[in-house]
Amino acid sequence: MFALSSGMPPAAIAVVRISGARAGEALRALAGRLPEPRHASLAELRDRGGAPLDRALILWFPGPLTATGEDLAELQLHGGRAVVAAVEAALAAIPGLRRAAAGEFTRRAFLNGRIDLAEAEGLADLLAAETESQRAQALGMASGHVSRAVAAWQDRLLTLMAGAEAELNFADEDDVEVGEGVAQRLILGMATLAGELGEWLLRPAAEVISEGLSVVIAGPPNAGKSTLINALAQRELAIVSPVAGTTRDVIETALALDGIALRFSDTAGLRAESSDAIEMIGIDRAKAAVVAADILLWLGPPRDAPDHPRAILIAAQADRWRGDAATEAEAARCDLTLSAATGEGMDRLHRMIVALARTLLPREGEAALRQRQRAALDDARDWLQIAAGSREASDLVLIAERLRLASGALDRITGRAGVEDMLDTLFGRFCIGK
């Protein structure tokens, strides 16, 4: 298979990769030779009829120690559209060679054991990363952060499994530990490991980073919510009007602050009742958005603020009420004073949102788990937990089975078992040539 593995032309350089058993044959057909392995070499590329295609750098990587685990060739061409098209046409004319499907290079790397499933998922996220936090998280996953943790847990499980099997099958040997202490030792080891898995499950989910934290702007009608989201988005996203109830639905926009992906939502003004049935639907949706928010920006009287663990109380529209003693006294109870119209307090609000967002993201060096990975880790933890004094606590056969099932659950994280049903979905996220 072959594919353009760099950006679409025109560009300074275009990289075409060829992988598989016919990679060497294809390179000989175009360049007339195989260069020294893993050394760039300048060559004249020609088609089957001998017509010149390009003067390019060629590289040859014999398998299995390659990105895909197969023989791999790379052509570094001049990046014009006509050059790339001519070389791709010449490759397509070689018998047994075809264009690669989306994600096929990475899928072959997985199938050939060059990367595991967690690393492949991290690579997919890295390709899709748009913010610094997404890039850092995806790079850690693609670099094997989670895979190394799983490997360490599996090593400890294997030690526990070996202890159980030794007691069950070789108890009559002189060098094998026997007695009730074996089960107790195994249960203690399982509980310790289950505790560590539980600590990982307390970490923020990877989806929080990839999809963005939810920041909801809420408050009574005409509190300045739409003006604020327009100021944050730096465009006219929501209609601003002195008429109460103008905003009827949740209006969402994705923004990045200091490299953190966030989803800001403007909501309908909250009030006890309205004669407008459509407005009441909007109010209900606003209340639901407040409950689900990761961070709440409340633009209303502090006494009316919803009970939310990460709420920023904002005295908005400061340009309108300056000099009003009663309003200024109420504003003093808020976290900050703001005027989206003049820009007053916007920088401070930016810093406060980022500070709260960082408390919801993994700390530097920590890996966050995808939903699929969290489910597998949760299963493994459940299999490792045995109630003290239960029948299972003294039955080595049941203990050994629980250890086996926990190991199988961890295998699902790295793709050693039970993953065929989602491989097509995963690798379909990749671009052609990756």
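The values are calculated or read from the model by the stated rules, or taken from the named source; none is laboratory data. Remember, it's a predicted structure, so these values are computed and weren't measured experimentally. Cβ sites come from the backbone with ideal geometry, for glycine too, and all protein chains shown count toward neighbours. In case anyone asks, the SASA skips ligands and DNA or RNA and just uses the protein heavy atoms, side chains included. Shrake-Rupley method; radii C 1.70, N 1.55, O 1.52, S 1.80 Å.
Descriptive notes on the structure:
- Complete set of residues in region 330-345 that are open to solvent by 50 Å² or more (accessible area, probe 1.4 Å) and either touching a helix residue (DSSP H, G or I) at 6+ places or on another chain (Cβ under 9 Å) or hydroxyl-bearing (Ser, Thr, Tyr) (or both): Glu330, Arg333, Asp335, Ala341, Thr342, Glu344
- Verdict on Leu361 being over 15 Å from Gly224 (Cα atoms) and buried (at least 18 other Cβ atoms within 10 Å of the Cβ): yes
- Taking region 103-117 as the range and being open to solvent by 40 Å² or more (accessible area, probe 1.4 Å) and farther than 23 Å from Gln137 by Cβ as the test, the residues that pass are Arg108, Leu111, Asn112, Gly113.
- Meets criteria (closer than 23 Å to Glu252 by Cβ and either of a type in the set (S, T, N, Q) or in contact (Cβ under 8 Å) with a residue 24 or more places away in the chain (or both)) for Pro306: yes
- For region 37-53, the set of residues classified as charged (D, E, K, R) and either part of a loop (DSSP other than H, G, I, E, B) or farther than 13 Å from Ala86 by Cα (or both) consists of Arg38, Glu44, Asp47, Arg48, listed by residue number.
- Every residue from region 67-102 that is of a type in the set (Val, Ile, Thr) and open to solvent by less than 30 Å² (accessible area, probe 1.4 Å): Thr68, Val84, Val87, Ile94
- Candidates Ala329, Ala289, Ala261 - the one that is within 21 Å of Glu207 (Cβ to Cβ) and in a helix (DSSP H, G or I): Ala289
- Whenever a residue of region 10-38 is within 11 Å of Ile58 (Cα to Cα), its partners that are of a type in the set (S, T, N, Q) and open to solvent by 20 Å² or more (accessible area, probe 1.4 Å), lying with C-beta atoms within less than 6 angstrom and at least six residues away or across chains, give the pairs Val15/Ser5; Val15/Ser6; Val15/Gln76; Arg17/Ser5; Pro35/Ser41.
- Candidates Ala120, Ala136: the one that is under 31 Å from the mean Cα position of the chain (by Cα), open to solvent by less than 20 Å² (accessible area, probe 1.4 Å) and either modelled with pLDDT of 90 or more or on the phi < 0 side of the Ramachandran plot (or both) is Ala120.
- Considering only residues in region 7-28 that are touching a helix residue (DSSP H, G or I) at 6+ places or on another chain (Cβ under 9 Å) and under 24 Å from Asn112 (Cβ atoms), the one that is most open to solvent (accessible area, probe 1.4 Å) turns out to be Arg17.
- The residue that is surrounded by the fewest Cβ atoms within 10 Å (Cβ to Cβ), among those in region 123-133 that are in contact with a Phe, Trp or Tyr (Cβ under 9 Å, 6 or more places away or on another chain) and of a type outside the set (Gly, Ala, Ser), is Leu127.
- Any hit, region 48-60, residues being aliphatic (A, V, I, L, M), over 19 Å from Ala11 (Cα atoms), open to solvent by less than 40 Å² (accessible area, probe 1.4 Å) and touching an Asp or Glu at 6+ places or on another chain (Cβ under 7 Å): yes
- Residue list for region 157-184, restricted to those being of a type outside the set (A, V, I, L, M, F, W, C) and either crowded, with 16+ Cβ neighbours inside 10 Å or at pLDDT below 60 (or both): Gly163, Glu167, Asp172, Glu173, Asp174, Asp175, Glu177, Gly179, Glu180
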